[in-house]
2 protein chains.
Amino acid sequence: MALIVKKFGGSSVGSVEKIIAVAKRIIEEKNKDDKVVMVVSAMGDTTDDLIALAKGINKEPYQYAREMDMLLTTGEQVSISLLAMAFKNLGHPAISLTGAQAGVKTNAVHTKGKIVDINPERILAELDKGQIVVVAGFQGLDMNGDPTTLGRGGSDTSAVAIAGALKADSCEIFTDVEGVYSSDPRVVKSARKMKEITYNEMLEMARLGAGVMQPRSVEMGKYFNIPIHVRSTFTKRPGTIIREECTMEDKEFNIRGVAHDCDVAKVAVLGVPNNPGIAHSIFAALAEANVDVDMIVQSIRNIEKNVTDMVFTVAITDLAEAKKIVDKVADQLNAIAVLIEEDVAKVSIVGAGMFGSPGIAARMFGALSTAGINIEVISTSEISISCLIKNSQVKEAVNAIHAEFFPEK
Amino acid sequence: MALIVKKFGGSSVGSVEKIIAVAKRIIEEKNKDDKVVMVVSAMGDTTDDLIALAKGINKEPYQYAREMDMLLTTGEQVSISLLAMAFKNLGHPAISLTGAQAGVKTNAVHTKGKIVDINPERILAELDKGQIVVVAGFQGLDMNGDPTTLGRGGSDTSAVAIAGALKADSCEIFTDVEGVYSSDPRVVKSARKMKEITYNEMLEMARLGAGVMQPRSVEMGKYFNIPIHVRSTFTKRPGTIIREECTMEDKEFNIRGVAHDCDVAKVAVLGVPNNPGIAHSIFAALAEANVDVDMIVQSIRNIEKNVTDMVFTVAITDLAEAKKIVDKVADQLNAIAVLIEEDVAKVSIVGAGMFGSPGIAARMFGALSTAGINIEVISTSEISISCLIKNSQVKEAVNAIHAEFFPEK
């Protein structure tokens, strides 16, 4: 007997036919004594349709955040009721529960709620009656008794948090890819589906540009120590399991994956005085404007003049804001110039095993060098190494690095 | 300062434009210190669209009544959130509440729930903050914490019950007619909009075929003694107030209205033994099959043979069932024949004032007689008199009676 939470996204329940197909699959795959909790998103375009209605009132409806939540939570309420009906119609007892009924308690930050607690009493009671319990993802109830939504990646987060509260054996996230790959399969043809990956590796992959799972739900899995099985809606093959420690057999590679992110820009502040507090004056101003800064490098430029260069990257979406701030600070600091370069990209390798395996960085740089790719900036974390390169060379770079660490068998 | 509950049906909030128009009107009409609770139905065809989705799972989705309620309650949740946004967008504080949040407690009879209690705490708290409170009609929460719907006429019932629980000054039901008329304006051109009508008169009108208000909500109004103001969504003219006692000035007519019902059929059981228990044997069998019987008349046919005729009417929708039952009983009773007549209609006059005004019945029969209309069956209640006539003569009959009691000025 196992207790399993299974999450299906909006495209998997995008029509009544798809909902019936999901119900059939779940019943087929279910062992007699398994307890199954389904967490589902709103059907296909429902959320967009609801937002369009609200835009008929005001073009920026999110200013009425509480009412947007009242509106948007109806989306999952439709899909859970239909899925529960589909189960019953196939002869299996089932019951739908809203986020509120499922005991998902959130803070009162409407449209961007955070789960603060889960009381799984009702879910457990319904499971004990032999029901498949169909829970609305993406939503909860705040302390005022008002419905809330969880924002981006909310349904995955709901699923993992509910699995945690139920002490489930696993949480399966059904999606349109077959799992987590060693690199983006659209870029690297020989990318391999990983059997396993640790929470920290997955978080680092997400941070560095791999988009399969939102960091939030991975963090939730890590918090509850619930294995997350990322797998395909369209096949029955096993996907990738995200867990605390990978098993022995999956440790054959020192690194777990190669990620890339083309939506970055390089900012260089040239010739700033090399005095204490200078870095702080630049980055404090950026932090105040909520601009995330990445890959910071400071290099001595001129010892005689005691000036240095500050180089860092920002997300391309933050570039305009960043430039405004940096120009101002550079002026105050009497810096020589501010250079912006948009034609850059970040390629990274991720792996908990690289710490303690010397030579990993050298192999990465070597692969890039052999491919004739110049590295502009390097930065490292405990479980990753990133290089900033020309945007136009991303595909070559990712393939070269991937071939180095995941040689074709 | 007044506390007013205003109910708008699905066609009044059928589009974003209409929702904005309703919000504008309410703000315009509102005195500064008035407290306003809006009760609204689902937008236009939403409910039908949701039912169509459920029919994609099973053609008879109402067998999954709990899940139908989970599905259908989303309809009002969409309209309340949009209406609350519309108020806010016009600069007036507003908040939407589901039936559950508004404290509407029902029994657990899904899709046909009955209100058992209302806890108006949250509504009162929001009113005290100066908000217009927008409540989802047609829905509540049962003792299991599951959403329920109230069935036919549910939104009107919600509105009146909430008005009752709030001890509101009045409950306004906005609809597509201007009020309650002395007769159906489509049949009688000179039909007059009544200023007032009592609960009992309105109930009797509804029972006798006048369709403005469902009896449920009128009964709820009577229970709480809340005046119900039936008025038009499209004009600002006052409509008709349903209340316990009509005021003096509106008592100029002895009768309140002329109703008609064409969906009836006459059943005659001829030559049944005139013994005790015979009536019971026929009507008990019909009651067991849930067939409502109306206008029962028993007349001595033949004193020598000690046999009588039993004549009664049933709703046309019950006729097939009724015929089957009556044929069987008639056979057991050795009745001479069972005659069915579908080409009949019932015309009625209603008025609490007719009791104690002798001659009212005579005036009705006289009007019919002058118009050359034959009366087949007569029945009376404390506040109504009904005549069964030929269906083809309904329009003439209603106009003749109306002209007698409501002479053109």
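The values are calculated or read from the model by the stated rules, or taken from the named source; none is laboratory data. Note that the structure is a prediction, hence the values are computed from the model and not measured. Here Cβ is always computed from backbone atoms with ideal geometry, including for glycine, and neighbour counts include all displayed protein chains. Side chains included, ligands, DNA and RNA excluded: accessible areas come from the protein's heavy atoms. Shrake-Rupley method; radii C 1.70, N 1.55, O 1.52, S 1.80 Å.
Normalising the average separation of contacting C-alpha pairs (under 8 angstrom, six or more residues apart) by the number of residues puts the relative contact order of segment B:328-409 at 36 percent.
For chain B, the relative contact order works out to 13 percent when only alpha carbon pairs closer than 8 Å and six or more residues apart are counted.
Computed in the context of the full set of protein chains, the accessible area of segment B:3-175 at 1.4 Å probe radius has 50% of its extent on carbon or sulfur. Would you mind classifying segment B:109-157 by shape? Square roots of the alpha carbon gyration tensor eigenvalues, ordered a ≥ b ≥ c; an a/c under 1.5 is rounded, otherwise it is prolate if a/b is larger than b/c and oblate if not. Prolate, because a/c is 1.5 or more and a/b exceeds b/c.
The residue in chain B that lies nearest, by its beta carbon, to the axis linking chain B with chain A is given here with the distance in whole angstrom as B:Thr74, 2. Ascending distances from the A:Glu396 label point to its copies in the other chains, with the point 7 Å along the Cα-to-beta-carbon line: 9.9 nm. Each DSSP beta bridge with both residues in the protein assembly as shown is either parallel or antiparallel, and the antiparallel ones are about 65%. For a quick check, take a GNM of chain A with Cα springs below 10 Å and name the residue from A:Gly137, A:Gly277, A:Gly179 with the largest mean-square fluctuation. Between A:Gly137, A:Gly277, A:Gly179, it is A:Gly277 that shows the largest mean-square fluctuation.
Taking a ≥ b ≥ c as the square roots of the eigenvalues of the alpha carbon gyration tensor, segment B:333-409 is oblate, as a/c is not under 1.5 and a/b does not beat b/c.
Output the antiparallel fraction of DSSP beta bridges having both residues in segment B:90-213, as a percent to the nearest 5. In segment B:90-213, DSSP labels about 60 percent of beta bridges as antiparallel.
Beta-bridge orientation, segment A:3-251: approximately 25 percent antiparallel, per DSSP, counting only bridges with both partners inside. Placing a label point 7 Å from Cα along the Cα-to-Cβ axis, B:Ala279 is separated from the same position in the other copies by 10.1 nm, shortest listed first. Taken over the C-alpha atoms, segment B:180-224 has Rg and Dmax values of 10.9, 35 angstrom.
Please express the shape of segment B:146-191 as an equivalent ellipsoid: the semi-axes are the square roots of 5 times the eigenvalues of the C-alpha gyration tensor, given largest first in whole angstrom. Before the final figure, lay out each step's value.
On the way: eigenvalues 165, 47, 9 Å².
They are 29, 15, 7 Å, listed largest first.
Evaluated over segment B:1-57, the count of Lys pairs having alpha-carbon atoms less than 22 Å apart is 13 (only pairs 8 or more residues apart or interchain). Taking a sphere under 10 Å around the Cβ of B:Ser384 and counting the other residues whose Cβ falls inside, with K and R at +1 and D and E at -1, yields a net charge of -1. The overall shape of segment B:64-120 is oblate: from the C-alpha gyration tensor, with semi-axes ordered a ≥ b ≥ c, the ratio a/c is 1.5 or greater and a/b is no larger than b/c.
Each 10 Å bin from 0 upward holds the following percent of the Cα-Cα pairs of segment A:258-405: 11, 38, 31, 19, 2. Accessible area buried by the pairing of B and A, both sides summed with a 1.4 Å probe, works out to roughly 3000 Å². Dividing the mean sequence gap of close Cα pairs (under 8 Å, 6+ apart) by how many residues segment A:258-405 holds gives a relative contact order of 30 percent. Distance from the Cα centroid of segment A:30-44 to that of segment B:75-122 is 30 Å (rounded to whole angstrom).
Computed over segment B:3-175, the quotient of the alpha carbon radius of gyration and 2.2 N^0.38 Å is 0.98. Taking every protein chain into account, the accessible area of chain B amounts to 44 square angstrom per residue (probe 1.4 Å).
For peptide A:54-62, the mean count of partner chain Cβ atoms within 10 Å of a residue's Cβ comes to 4.
One Cα centroid belongs to segment A:297-354, the other to segment B:337-409; the line between them spans 93 Å.
For segment A:197-327, the normalised intensity computed at q = 0.18, 0.23 Å⁻¹ comes to -0.99, -1.29 (log10 of I(q)/I(0), Debye sum over alpha carbons, equal scatterers, no solvent).
Seen from B:Gln63, the other residues with C-beta closer than 14 Å to its C-beta sum to a net charge of +2, counting Lys and Arg as +1 and Asp and Glu as -1.
What whole-number value in cubic angstrom gives the convex hull volume per residue for the C-alpha atoms of chain B?
Details: hull volume 68.3 nm³, N = 409.
Value for chain B: 167 Å³ per residue.
Altogether, the Stokes-Einstein calculation at 20 °C and 1.002 mPa s, with the Kirkwood radius of the protein assembly as shown over Cα pairs as Rh, returns a diffusion coefficient of 67 µm²/s.
GNM remark for chain A: springs join alpha carbons under 10 Å apart, and the peak mean-square fluctuation among A:Val269, A:Val177, A:Val36 falls on A:Val269. Over segment A:135-218, the ratio between the Cα radius of gyration and 2.2 N^0.38 Å evaluates to 1.26. Using a Gaussian network model of chain B in which every pair of alpha carbons under 10 angstrom is joined by a spring, one finds that among B:Lys266, B:Lys222, B:Lys30 the greatest mean-square fluctuation is at B:Lys30.
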